[in-house]
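*Asks:* Can you read through this structure? Questions will come right after.
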Amino acid sequence: AHAHAGMTPPPAGVMMAHTPAQGKVMTMYSRMWMHMEGLQSGTDEVSAETVVTTVPNRFFAPGHAPTVRMVPTKMNGSMQMFGAMYGITDSISAFVAGTYLEREMEMLTFRGMMGTERLATGTTKTEGYGDMRVGGAFKLLQGPGYTVTGVAALSIPTGSIEEQVTMLSPMGMRMTMRANYGMQLGTGTYDAHIGLTYMGGSGPLGWGAGYRGQIGLEEENENGWSSGDRHALTGWLSYAITSALSGSARLEASTQGEVEGMDPLIRGPALHANPDFYGGQQIDAFLGVNAKFAVPGYVMGRIGVEAGTPLYQDLNGVQLERDWSLQMTSSFQF
């Protein structure tokens, strides 16, 4: 137990690297904020004017704009996750987690069927409960100064995929329509979430590596589409400043597929109505701080904060570029 207690905790963005002891309950709460701003095509920054004069409208038909006419300029997202984990044995735990999402996108509409005259900017917003997760965490290996933990979970499609927003059309009319894929609150499909985390340490120094995957288990949801599968690899170093306080530096490389299929109600000359313009590859860097505390005989707790920014992004098609993210995680073990 002492070798484990001496290990610096994993960064806030690495979830479920710890399992509670048999008969113990661990509650978790985390909140993440994300900001996206500016447009990028592949690896290149592009202006809104370039996009509306060169990117084809996927839904072009006679009498409609040949190019995209509505582009996002920035987006803020926030996700809260709350969950509980129970130690069935010292190495097998069961958990359940729910999410609550808020998304706000600023949309810029250009006037008419062509040209670069800006009509107006408007804000669209969606919020509500997202998909739920149930699963298990398993301590697979433990030796002097290291542990290997696996996670296998199922996400249940409790998040809405029929959120509506009001947008300004290029003709100046306010239209209520189904929000784009990225503004919906769930995937609409049952998905597998799998993970493997290695954590090691010696003295005040800690290190770790992990894999996380989200894989759709259904071809499409009831509206005819499915979210792209996501895979991420991460590695980190941490350092215990005191017995209660540690800092961490982490790198993560991730890849996500585009949206497969199409919702017949998500269409029009808006950039994000195109299911091909989702996903891509990116590398992010994170810096974090963790604090541990205990009330002897009652509760062990930890609070972590981690801020990240992309070092590299290669996006599928044209999308908003990610700017920064911030995550706060807390857990209490009874």
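The values are calculated or read from the model by the stated rules, or taken from the named source; none is laboratory data. Computed from a predicted model, the values in this text were never measured in an experiment. Neighbour counts are summed over all protein chains in view; Cβ atoms, including those assigned to glycine, are modelled from backbone coordinates with ideal geometry. Protein only, heavy atoms only, side chains kept; ligands, DNA and RNA dropped before computing areas. Shrake-Rupley method; radii C 1.70, N 1.55, O 1.52, S 1.80 Å.
*Asks:* I'd like the full set of residues that are crowded, with 20+ Cβ neighbours inside 10 Å and either modelled with pLDDT under 95 or over 15 Å from residue 216 (Cα atoms) (or both), limited to segment 252-267.
*Replies:* Hits for segment 252-267 are 252, 263, 266.
*Asks:* What are the residues in segment 292-334 that are within 16 Å of the chain's Cα centre (by Cα), acidic (Asp, Glu) and open to solvent by 30 Å² or more (accessible area, probe 1.4 Å), if any?
*Replies:* 323
*Asks:* A further question on this structure: Determine if segment 135-148 includes at least one residue that is open to solvent by less than 70 Å² (accessible area, probe 1.4 Å) and in contact with an Asp or Glu (Cβ under 6 Å, 6 or more places away or on another chain).
*Replies:* no
*Asks:* Considering each of 195, 213 in turn, give the residue that is of a type in the set (Gly, Ala, Ser), under 20 Å from the mean Cα position of the chain (by Cα) and closer than 16 Å to residue 279 by Cβ.
*Replies:* 213
*Asks:* Sticking with this one: Quick check on my filter: what residues within segment 272-291 are open to solvent by less than 60 Å² (accessible area, probe 1.4 Å) and more than 30 Å from residue 227 (Cβ to Cβ)?
*Replies:* 290, 291 - these are the residues of segment 272-291 that are open to solvent by less than 60 Å² (accessible area, probe 1.4 Å) and more than 30 Å from residue 227 (Cβ to Cβ).
Listed here are the residues, each with its yes/no results for (1) more than 22 Å from residue 173 (Cα to Cα); (2) at pLDDT 95 or above; (3) part of a strand (DSSP E or B); (4) of a type in the set (Val, Ile, Thr).
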position: 9; (1), (2), (3), (4): yes, no, no, no
position: 19; (1), (2), (3), (4): yes, no, no, yes
position: 32; (1), (2), (3), (4): yes, yes, yes, no
position: 35; (1), (2), (3), (4): yes, yes, yes, no
position: 40; (1), (2), (3), (4): yes, yes, yes, no
position: 53; (1), (2), (3), (4): no, yes, no, yes
position: 61; (1), (2), (3), (4): no, no, no, no
position: 77; (1), (2), (3), (4): yes, yes, yes, no
position: 83; (1), (2), (3), (4): yes, yes, yes, no
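*Asks:* Still on this structure, please answer the following. Check whether at least one residue in segment 15-25 is buried (at least 19 other Cβ atoms within 10 Å of the Cβ) and under 22 Å from residue 183 (Cα atoms), and report yes or no.
*Replies:* no
*Asks:* Right, here's the next one. Give the number of residues within segment 106-122 that are of a type in the set (S, T, N, Q), under 24 Å from residue 35 (Cα atoms) and exposed (fewer than 14 other Cβ atoms within 10 Å of the Cβ).
*Replies:* Residues that pass the stated criteria total 1.
*Asks:* Can you pull out every residue in segment 158-177 that is in contact (Cβ under 8 Å) with a residue 60 or more places away in the chain, crowded, with 19+ Cβ neighbours inside 10 Å and assigned to a loop (DSSP other than H, G, I, E, B)?
*Replies:* Residues satisfying the conditions are 159, 161, 170.
*Asks:* Go over the candidates 61, 17, 94 one by one and state the one that is free of Cβ contacts under 8 Å to residues at least 60 places away in the same chain and closer than 24 Å to residue 141 by Cβ.
*Replies:* Sole residue among the options that is free of Cβ contacts under 8 Å to residues at least 60 places away in the same chain and closer than 24 Å to residue 141 by Cβ: 94.
*Asks:* Is there a residue being acidic (Asp, Glu), closer than 30 Å to residue 64 by Cα and touching a residue at least 40 places away in the same chain (Cβ under 8 Å) anywhere in segment 178-192?
*Replies:* No, every residue in segment 178-192 fails to be acidic (Asp, Glu), closer than 30 Å to residue 64 by Cα and touching a residue at least 40 places away in the same chain (Cβ under 8 Å).
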